[in-house]
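Q: First the structure, which I've put down as structure tokens, then a few questions once you've had a look.
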Amino acid sequence: MAIVATLTSPNLFTPPPSKPFNDSTDHPPPSPPIPIPKYPPKTLKPPNPPFKSSFHRRTKYYKPVSDGVIATDNDRAVVVGDSGVSYLLPGAPFEFQFSYSETPKVKPLAIREPAFLPFAPPAMPRPWTGKAPLKKSKKKIPLFDSFNPPMLAGKKGAKVVEMPGPFRLGKAPVEGRSREEVLGEPLSRAEIKLLIKPHLSHNRQVNLGRDGLTHNMLELIHTHWKRQRVCKVRCKGVPTVDMDNVCHHLEEKTGGKIIHRVGGVVFLFRGRNYNYRTRPQYPIMLWKPAAPVYPKLIQEAPEGLTKDEADELRMKGKNLIPICKLAKNGTYIGLVSDVRNAFEESPLVKINCEGIHASDYKKLGAKLKELVPCVLLSFDDEQILMWRGESWKFRYPKSHAPVKDDEGHNEGTSSSSTSGSSNDITQNRSNKTRVASPKLMWLWKRAIESSKALLLEEIELGPDALLEKVEEFAAISQVTEHSYPALILSGQDANSSSEIDDGQQSEFEGSDNNDSDEEGDTDSDGDDEEYDPFEHAETCIPFGSLPLDAIAEKLSSD
């Protein structure tokens, strides 16, 4: 406090001077650390002349179409027919489509975008619809002759190119153009096993989804055939309802041969004389065409029903229990047979499709309508409701059998001890009939046709007559069941008996191969040997019982 008292001014915090301090050397203001960029003004580019009329995918474009050509450019055209919208190009082996296996069998009513060719290079002007073209692949696949592939075994990163084959001893590859020439001779059972075995474990495959066999998959399959002789195709979702249709289009469009099929997996063989250079080359689709407008699947009054009857069936279907629940991207191979079996007992069938996309279960309904056949009633609550229709034909005949009472007597026959009132009751009971199992009646009919059962025309037979009938039938059925064909082979036939019959090969390759799992899992020492058609025809007749043996014995004794 003594120091503060000695100060001249008691105010310790004096205000700043009115004029700032003037320094003779003034410095310029510092520059900002990062310069502010100067962008050029935005300029609008002129539109492309071919794309003057702009259409967006969300616009309500609707143009009714009829059968015939709807757009053309010289020798290229867009055609509408029974198979939907297709594209004609000069020199093409068939009409190109976006999907070959999943196109509805109904003529379209209208298109949702202007008609154009979605191929490269664009020959027909395509208006802008908001969808950019497919990006060009960065991979450059070299084109070479499969018969003389380049020797790149010593180079780094070189991939193995599969040679033509397989060939039997003394055979060589042959140049072929047609499908029969490229496929060559049918494969034997041992060759099919050797081709399939390495593809069972790895996942190098072509995935076939809801769009089915698309146009760009054709080139993809040929790319797989460049590295291996068999292409593995895995099918999932909607196309698996009709696998026969998928297999038909795979063989027809690619030119290959299906040698094995299990579930939704198909093994496609390229052919013995396949050449990558002479393969059919198709243009790539750069755009996915918009699906045309088709007639509605669900109608208020379906065929054979009035609107009130259809509404009543829909109300009953709400309380109906579904026969199955479909999984997303599942395999629905047995769905058609399950629906047919359900229609044998109930006029209405419902399928639970919860979790599946709306477009998928509508496609399923359209396929079931055609394959079963049936009438679609609704897709409400993600469930397919179907009616079997008035023209439904039962697979098994409906047979009626009399109902038996507790004592074992047939209803409809009156006892002598009953009175007149009991006769009336019995007569009323005789009108009640019971439907026997249709499958059991079908099995009885099949056994009678194959001579394994006998239908007695006379019911009132004595014990001796019945025993005589049974013994006579037993002798006939035993002859039918235990008959063995006589096989006479000369020396040349015996030497050539190891070769495989062509008819049996084609029958094996074209079959569904339902027992293929058992064949693929079992490994035997004789897998590499060829299939002998007479290996199961070993005679069970004792030696010397044939007439030929008697003649040979007589000649040897003479």
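The values are calculated or read from the model by the stated rules, or taken from the named source; none is laboratory data. Note that the structure is predicted; figures quoted are calculated from it, not measured. Note that we place each Cβ from the backbone using ideal geometry, even for glycine, and neighbour counts take in every protein chain shown. Surface accessibility is based on the protein's heavy atoms, side chains included, excluding ligands, DNA and RNA. Shrake-Rupley method; radii C 1.70, N 1.55, O 1.52, S 1.80 Å.
Q: Efficiency by 1/(1 + (r/R0)^6): what FRET value for residue 454 and residue 341, r their Cβ-Cβ distance, R0 = 35 Å, to the nearest 0.05? Please report the intermediate quantities before stating the final value.
A: Values: r = 30 Å, r/R0 = 0.86.
Efficiency for this residue pair is about 0.70.
Q: In nm, to one decimal, how far is the modelled label at residue 390 from the one at residue 210, with both set 7 Å along Cα→Cβ?
A: Using points 7 Å along Cα→Cβ, the separation is 3.6 nm.
Q: Using 1/(1 + (r/R0)^6) with R0 = 56 angstrom and r between the beta carbons of residue 95 and residue 309, what's the FRET efficiency to the nearest 0.05? Can you show the working numbers first?
A: On the way: r = 42 Å, r/R0 = 0.74.
FRET efficiency, residue 95 to residue 309: 0.85.
Q: Name the residues whose placed amide hydrogens come within less than 5 Å of the amide hydrogen of residue 330, ignoring near sequence neighbours (fewer than 5 apart) on the same chain.
A: It is 237, by chain and number.
Q: Per residue, how large is the accessible surface of segment 173-270? Use a 1.4 angstrom probe and give square angstrom. All intermediate terms of the calculation are to be shown ahead of the outcome.
A: Working: 3780 Å² over 98 residues.
So segment 173-270 comes to 39 Å² accessible per residue, rounded to a whole number.
Q: Can you compute the FRET efficiency between residue 227 and residue 300 using 1/(1 + (r/R0)^6), with r the Cβ-Cβ distance and R0 = 45 Å? Round to the nearest 0.05. Intermediate values should be presented prior to the final figure.
A: Details: r = 54 Å, r/R0 = 1.21.
So the FRET efficiency works out to roughly 0.25.
Q: Excluding ligands and nucleic acids, what accessible area in Å² is computed for residue 391 using a 1.4 Å probe, to the nearest 10?
A: About 100 Å², rounded to the nearest 10.
Q: If amide hydrogens are placed 1.01 Å from N in the peptide plane, which non-local residues have theirs closer than 5 Å to the one on residue 110?
A: Correct list: 65, 293.
Q: Quick one: length gained pulling residue 439 to residue 471 fully straight, 0.36 nm per residue minus the C-alpha distance?
A: Details: separation 32, 0.36 × 32 = 11.52 nm, distance 2.82 nm.
Answer, rounded to one decimal: 8.7 nm.
Q: Sticking with this structure for a sec: Pop out the ³J(HN,Hα) list for segment 173-187 in order, Karplus 6.51 cos²θ - 1.76 cosθ + 1.60 with θ = phi - 60°, rounded to Hz; leave Gly and Pro as x.
A: Values per residue, Gly and Pro as x: x, 10, 5, x, 10, 7, 5, 5, 5, 6, 5, x, 5, x, 7 Hz.
Q: Related question: Stretch residue 244-residue 200 to full length: gain in nm at 0.36 nm per residue minus the Cα-Cα span?
A: Working: separation 44, 0.36 × 44 = 15.84 nm, distance 2.13 nm.
Contour length minus the Cα-Cα distance gives 13.7 nm.
Q: Note the full-extension length gain between residue 320 and residue 60 as 0.36 nm times their separation in residues minus their Cα-Cα distance, in nm to one decimal.
A: Values: separation 260, 0.36 × 260 = 93.60 nm, distance 3.84 nm.
Roughly 89.8 nm would be gained on extension.
Q: Heavy-atom accessible area of residue 128 with all protein chains present, probe 1.4 Å, nearest 10 Å²?
A: For residue 128, the solvent-accessible surface is approximately 120 Å².
Q: Modelling each spin label as a point 7 Å along the Cα-to-Cβ direction, I'd like the residue 553/residue 160 distance in nm, to one decimal.
A: Result for the modelled spin labels: 5.9 nm.
Q: Also: What nm distance separates the two modelled labels at residue 461 and residue 359, each placed 7 Å from Cα along Cα→Cβ?
A: Distance between label points: 6.6 nm.
Q: Still on this model: Under the rule of at least 5 residues apart or a separate chain, name every residue whose amide H is placed under 5 Å from the amide H of residue 147.
A: Under 5 Å from the amide H of residue 147: 276.
Q: Then there is this: If packing is taken as the average count of other Cβ atoms within 10 Å, what order do 84-94, 240-250 fall into, highest mean first?
A: Working: 84-94: 14.6, 240-250: 18.9.
Ranking, from highest mean packing down: 240-250, 84-94.
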